[in-house]
Structure formats: C-alpha cells, structure tokens
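The values are calculated or read from the model by the stated rules, or taken from the named source; none is laboratory data. From a predicted model like this one, the values you see are computed outputs, not experimental measurements. Glycine gets a Cβ as well: all are built from the backbone with ideal geometry, and neighbour counts include every protein chain shown.
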Amino acid sequence: MTRPLTLALTMAALLSLTACGGGDSTAAADGVAADCDTKAYVAGAVVAPTLDDLKAYAGTFNGDEGSYDGGGTFTKSGTAKLVIGADGAITYKDAKQTVTSICMDKTAGPVGKLVYFIVGKGHLDVADKPAMGLGQAWGVSPVDGTTIFTNGLK
C-alpha cells in the first residue's frame with residue numbers, strides 16, 4: 001500500500017470513530033430537567049449531573065448579548081438574564097426554554113467544572129467559577145441560535 005493511501009485510510013478510520021461520539025445518553029437523575037446526551041462529547045468526558053451537582057450552578061446570571069467579528073472583537077447589542085433552576089430548568093430573557101440535554105464535565109478544566117445545557121435553539125456553558133473574559137455563563141442564545149451570550153455573572 002502506498003503511504004498516501006495508508007494515511008487516507010487511517011484518517012478515515014479515525015474520523016468514523018470520532019463521529020461515533022461518547023454513546024447515546026446518560027439518564028438524568030431523579031428530578032433533573034433533562035438527560036445527558038453524550039453523543040456530542042468525547043467518550044467518557046461528561047456525566048449526567050445530580051440535583052446536588054446542579055446546586056452550584058443554580059441562580060440568576062446577568063450577561064451581554066452580541067456577536068464576535070472575524071478578529072475576535074465582541075460587539076454588544078444588548079443584555080440578557082439567564083436563570084438556572086435547581087433542577088436545571090432554564091429561563092432566558094424571562095421566557096421558559098426547553099432543555100434537551102444537561103451534561104457535566106467529569107473533571108475540572110482551566111475554567112473549573114462546566115455544565116453544558118442544550119436548550120432551545122442554542123446552548124449554554126456554565127462554570128462553577130468565573131472565567132476571565134467569559135464570566136461564569138456563556139454560549140449561544142436559546143431564542144435565536146445565533147446571538148452570543150457572554151459575561152454572565154451571578
């Protein structure tokens with residue numbers, strides 16, 4: 001086999017394995033608003049949070065909405081209020097949102113331990129401690145799926 005063909009086959013195999021994701025979903029603990037859909041994450045990297053886990057993330061986060069340009073400069077277009085219930089339920093800009101997945105990092109990273117909410121048309125990432133330049137909550141608006149939410153602080 002030629003070297004380019006071997007490399008191509010190896011890359012195809014890796015891509016197919018990566019596309020498999022981490023599996024299906026991990027069932028939500030009793031009382032949690034949604035299961036953890038692990039398919040979008042590296043296998044074994046996330047788990048379904050318990051109600052006790054979610055306590056650290058519950059609260060009201062006031063943040064900015066806007067967009068980033070190609071150079072990474074954020075242009076603020078407004079503000080938004082994100083409310084996370086003790087069960088993981090989400091209210092964004094005073095409207096209840098449909099949460100379809102809640103996953104939590106198994107281990108803490110550079111910005112602490114994150115909980116990932118797939119909600120409405122977007123997603124929200126919430127850390128257990130504020131991160132420089134991001135706040136404690138950030139993501140893509142669950143209302144329109146395009147507007148950036150950032151600098152969310154309790």
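Worth a mention:
- Looking across region 92-127, the residues that are part of a strand (DSSP E or B) and under 16 Å from Gly63 (Cα atoms) come down to Tyr92, Ala95, Gly122, His123, Leu124, Asp125, Val126, Ala127.
- Region 123-132: number of residues that are farther than 18 Å from Val83 by Cβ and either touching a Ser or Thr at 6+ places or on another chain (Cβ under 8 Å) or not small (Gly, Ala, Ser) (or both): 2
- Count - residues of region 118-135 that are surrounded by fewer than 22 Cβ atoms within 10 Å (Cβ to Cβ) and either at pLDDT 95 or above or closer than 21 Å to Cys36 by Cα (or both): 7
- The residue of region 30-64 that is modelled with the lowest pLDDT, among those that are in contact with a helix residue (DSSP H, G or I) (Cβ under 7 Å, 6 or more places away or on another chain) and crowded, with 18+ Cβ neighbours inside 10 Å, is Val32.
- With respect to being surrounded by fewer than 16 Cβ atoms within 10 Å (Cβ to Cβ), closer than 16 Å to Val140 by Cβ and modelled with pLDDT of 95 or more, Ser101 falls outside the description.
- Single residue of region 136-154 satisfying the filter (under 18 Å from Ala58 (Cβ atoms) and touching a residue at least 60 places away in the same chain (Cβ under 8 Å)) that is surrounded by the fewest Cβ atoms within 10 Å (Cβ to Cβ): Leu153
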